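The values are calculated or read from the model by the stated rules, or taken from the named source; none is laboratory data. Since this is a predicted model, take the numbers as computed values, not measurements. Positions of Cβ are generated from backbone atoms using ideal geometry, with glycine treated the same way; all protein chains shown enter the neighbour counts.
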Number of protein chains: 2
Amino acid sequence: MAAPAASVDSATERTESVEPRRRKKRSFPIVDTDVHHGYAHKSELYPYLSQTYRERLEDFDFGSSLSYNNNGGQRGYRVDAIRTGETPPGGGGVCAVDFELLREQLLDGSDIDFAILTGGQTYGASAMMDLAYSNAICRAFNDYSMEHWVARDDRLRYTLAINAQDPLGAVEEIDRLGSHPAVVGIMLACGAPRPYGNKFYHPIYEACERHGLAAAMHFGTEGSGINPPPTSAGYPTNYIEARMARPNFYAVHVASYIFEGVFELFPTLKVAFIEGGFSWVAPLMWRMDLDWKGLRHQTPWVKRLPSEYLRDHMRFSSQPMEEPADPKALDLFIEWMDGGHTLMFATDYPHWDWDDPAMSFTGLPEPLRRRVFAENAAETFGLTLPSGDANA
Amino acid sequence: MAAPAASVDSATERTESVEPRRRKKRSFPIVDTDVHHGYAHKSELYPYLSQTYRERLEDFDFGSSLSYNNNGGQRGYRVDAIRTGETPPGGGGVCAVDFELLREQLLDGSDIDFAILTGGQTYGASAMMDLAYSNAICRAFNDYSMEHWVARDDRLRYTLAINAQDPLGAVEEIDRLGSHPAVVGIMLACGAPRPYGNKFYHPIYEACERHGLAAAMHFGTEGSGINPPPTSAGYPTNYIEARMARPNFYAVHVASYIFEGVFELFPTLKVAFIEGGFSWVAPLMWRMDLDWKGLRHQTPWVKRLPSEYLRDHMRFSSQPMEEPADPKALDLFIEWMDGGHTLMFATDYPHWDWDDPAMSFTGLPEPLRRRVFAENAAETFGLTLPSGDANA
């Protein structure tokens, strides 16, 4: 449900300095589980890198995280999310690069209680051959994010950049920053040489449990660097085709976590699937349950119905909002996936196809609306919701 | 909806020679759009090969078509679909190897009017480096199938084995056999170096139109030979995970056909997606329509809503039958995908998870039942349904 973005003309008329808007009265809190932030230029990472890697970044960058350009809107952005005369950064990710604008448009403008910063520009670090350089990039982006974003507004929470393809290096980074109160999760990029339930990654989940962090996952590196092509039929031609393949970018990991028995090994782990939509979740639950009944002798470590693990351990962000031709379908999909426990609202700011909370889930009854807009996310990321709102 | 297969004991008691069962009275015809047939031993192909390739097949085979063993049931089969003491063939595909048994159990036993033979053992031919050898294998399998299967029962129809990765070689084979009255389509394996809407394959569709053939597509070669891994996260560990990835094996091609504009170029082409289930179809239609509205400036050759192309040109076989936790969901999925025009029944004989027509879609109202069990397939594959049944 992409909200009508402001026209290019109105963006041109934007004043550079704005007052934070006054908070509107609303009966429920909002946690926005997908807000992309980043640097306007890679040089902002230089202070956090050794000389060797600073020079490498300056001279050779570290590869784009995207195989398919995010080419809707204005260079992938809401047209009003770029200031007049500014050129958004190229390379991986379409990320808000201006804290003041994000505060004005999103935090104040949409009256968000908590925003989970999900980055984007460093997703490709997990697709690099050079693990040490990749780890350095993640570390620099984490330090940069904590200092230039998280420290500036107490509504911001952060998912750590890690290089999942170096599990022990990732654990070091999780142990370095994972106990900071604003750090609520780690970020995994969907593209990977092997699915995330695989034994290879288990040290990462052990570290997540140790620090009470969720594992968040976001598309964006499929077919890049050391990762395989985005589909079983290679590289589609058009951006819109890559968008159609997204459900499987996530579904392969859902199945992997469950059938590798990850939640038996890590019983407090939560996994959040971000920017994948959700119409694919219930049918996958049904297929997993049906086939597990016929094939469970092959995976005896999977002790319960797959859909039960999903309900207990997996959460799905709402954006891009489904728009079924049959209006009742949206309610049914939410019911079938037990959205009261599994669905979390997200705007996906500043992307061109963002979802405006004022125009999203407007027909949801209480208490389901509260679960979707705030409580599921609060439980997943360990957030304390404003008490006034929570009991309103 | 896998029907309860006979026990191993009852299979042991099977008599070798059986009389064809008498046809049961039923108010509607059945076209079974997915019946896997094949050879019991590769030597059955030798008479159709040159000495060079016969020796190569004997000594080195041509690679398995499957990355993930079809390991439910008895070696992937219905337990009663293998005769006592017989060992089903290894290698690619789980295929009926005994015409008499297929006639008894399926054609007579389930009172099938037409069965579309889909093979399976040669799907991997499109994943080979050696195009000439691959073409020879396809040609041999086609000659073998016509002589040993198609010629033995007038209810059998055939989808040609071709090597889609050599489009000009495939066209030669289509021109050689495509006008035989029992040949109703070509068979494409889902795994491929690039999606099937790509310009690379267009000569094949031109040949299909010339001979009035449907393009059928079946999973089975993902991650094999020259094909990329089955998912954007590489190779899942377990067979059941590969089953969960199947919808995308098909969805990538659906999107490719539509957004490459294939149906504008080949306006009479029909594409049949076999053994992929169908709960994923309607959500994909909605996503395609939504994103096309936002991105259609990028693909101006796509002149209509993606869902309209799908309704006019794409057909989906029913097996493996969905079993949603919510019983009304099945009817809704059929309604949402316009199943009256897009859904075709299939048993998937002789696979372990086959669907018995007597236990499938039992609640469908007329005339929808007739559309799904027969008429959609008859229109897709150019079959003339029995006139008595058609008007019953």
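Structure notes:
- Number of residues in the stretch A:350-378 that are in contact with a Lys or Arg (Cβ under 8 Å, 6 or more places away or on another chain) and at pLDDT 95 or above: the value is 2.
- Any chance residue A:360 is under 29 Å from residue A:197 (Cα atoms) and among the hydroxyl-bearing types (Ser, Thr, Tyr): no
- Per the conditions (1) out of contact with any Phe, Trp or Tyr (no Cβ under 6 Å at 6 or more places or on another chain); (2) modelled with pLDDT under 95; (3) closer than 30 Å to residue B:327 by Cβ, the sole criterion not satisfied by residue B:89 is (3).
- Considering only residues in the stretch B:122-139 that are among the hydrophobic types (A, V, I, L, M, F, W, C) and farther than 8 Å from residue B:225 by Cβ, the one that is surrounded by the fewest Cβ atoms within 10 Å (Cβ to Cβ) turns out to be B:132.
- Within the stretch A:318-367, being within 14 Å of chain B (Cβ to nearest Cβ), of a type in the set (A, V, I, L, M, F, W, C) and touching a Pro at 6+ places or on another chain (Cβ under 7 Å) holds for one residue alone: A:330.
- Of the helices (runs of 4 or more DSSP H) contained entirely in the stretch A:219-303, those carrying at least 3 residues that are more than 7 Å from chain B (Cβ to nearest Cβ) and more than 20 Å from the chain's Cα centre (by Cα) fall at A:262-265, A:281-295.
- Considering residues of the stretch A:304-313 that are within 12 Å of residue A:255 (Cβ to Cβ) and touching a Phe, Trp or Tyr at 6+ places or on another chain (Cβ under 7 Å) only, the residue farthest from the other protein chains (Cβ to nearest Cβ): A:309
- Within the stretch A:170-214, tally of residues that are in contact with a helix residue (DSSP H, G or I) (Cβ under 7 Å, 6 or more places away or on another chain), within 14 Å of chain B (Cβ to nearest Cβ) and outside any loop (DSSP other than H, G, I, E, B): 4
- Among the candidates B:298, B:319, the residue that is among the polar types (S, T, N, Q) and crowded, with 18+ Cβ neighbours inside 10 Å is uniquely B:319.
- Looking only at residues in the stretch B:350-392 that are small (Gly, Ala, Ser) and assigned to a loop (DSSP other than H, G, I, E, B), the one that is farthest from residue B:160 (Cα to Cα) is B:363.
- Neighbours by Cβ (under 8 Å, 6+ apart or cross-chain): first from the stretch B:333-349, touching a residue at least 12 places away in the same chain (Cβ under 8 Å) and charged (D, E, K, R); second assigned to a helix (DSSP H, G or I) and surrounded by fewer than 22 Cβ atoms within 10 Å (Cβ to Cβ): B:338/B:311
- Residues that are acidic (Asp, Glu), in contact with a helix residue (DSSP H, G or I) (Cβ under 8 Å, 6 or more places away or on another chain) and without any contact (Cβ under 8 Å) to a residue 60 or more places away in the chain within the stretch A:141-165 comprise just one, A:153.
- When residue B:220 is tested against (1) within 29 Å of residue B:99 (Cα to Cα); (2) at pLDDT 95 or above, just one condition goes unmet, and that condition is (2).
- Residues satisfying the stated conditions in the stretch B:343-368, i.e. over 16 Å from residue B:275 (Cβ atoms) and crowded, with 19+ Cβ neighbours inside 10 Å: B:361, B:364
- Restricted to the stretch B:91-110, and to residues there that are part of a loop (DSSP other than H, G, I, E, B) and touching a helix residue (DSSP H, G or I) at 6+ places or on another chain (Cβ under 8 Å), the residue that is nearest to residue B:76 (Cα to Cα) is B:93.
- Looking at B:28, B:99, B:114, just one residue is surrounded by fewer than 21 Cβ atoms within 10 Å (Cβ to Cβ), of a type outside the set (Gly, Ala, Ser), within 30 Å of residue B:363 (Cβ to Cβ) and at pLDDT 90 or above, and that residue is B:28.
- Sole exception among (1) aliphatic (A, V, I, L, M); (2) outside any helix (DSSP H, G or I); (3) modelled with pLDDT of 95 or more for residue A:129, by number: (3)
Yes or no, residue by residue, for (1) within 23 Å of residue A:280 (Cβ to Cβ); (2) of a type outside the set (Gly, Ala, Ser); (3) touching an Asp or Glu at 6+ places or on another chain (Cβ under 7 Å):
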site	(1), (2), (3)
B:297	no, yes, no
B:300	no, yes, no
B:305	yes, yes, yes
B:309	yes, yes, no
B:315	yes, yes, no
B:325	yes, no, no
B:340	no, no, no
B:343	yes, yes, no
B:350	no, yes, no
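- Qualifying residue in the stretch B:329-349 (condition: at pLDDT below 95, more than 20 Å from the chain's Cα centre (by Cα), assigned to a loop (DSSP other than H, G, I, E, B) and not hydrophobic (A, V, I, L, M, F, W, C)): no
- Considering residues of the stretch A:305-328 that are under 28 Å from residue A:76 (Cβ atoms) and modelled with pLDDT of 95 or more only, the residue farthest from the chain's Cα centre (by Cα): A:314
- Residue match in the stretch B:275-296 (condition: in contact (Cβ under 8 Å) with a residue 40 or more places away in the chain and in contact with a Cys (Cβ under 9 Å, 6 or more places away or on another chain)): yes
- Flag if residue A:80 is modelled with pLDDT under 95 and over 23 Å from residue A:226 (Cβ atoms): yes
- Residues that are among the β-branched types (Val, Ile, Thr), at pLDDT below 95, crowded, with 23+ Cβ neighbours inside 10 Å and assigned to a loop (DSSP other than H, G, I, E, B) are absent from the stretch B:156-165.
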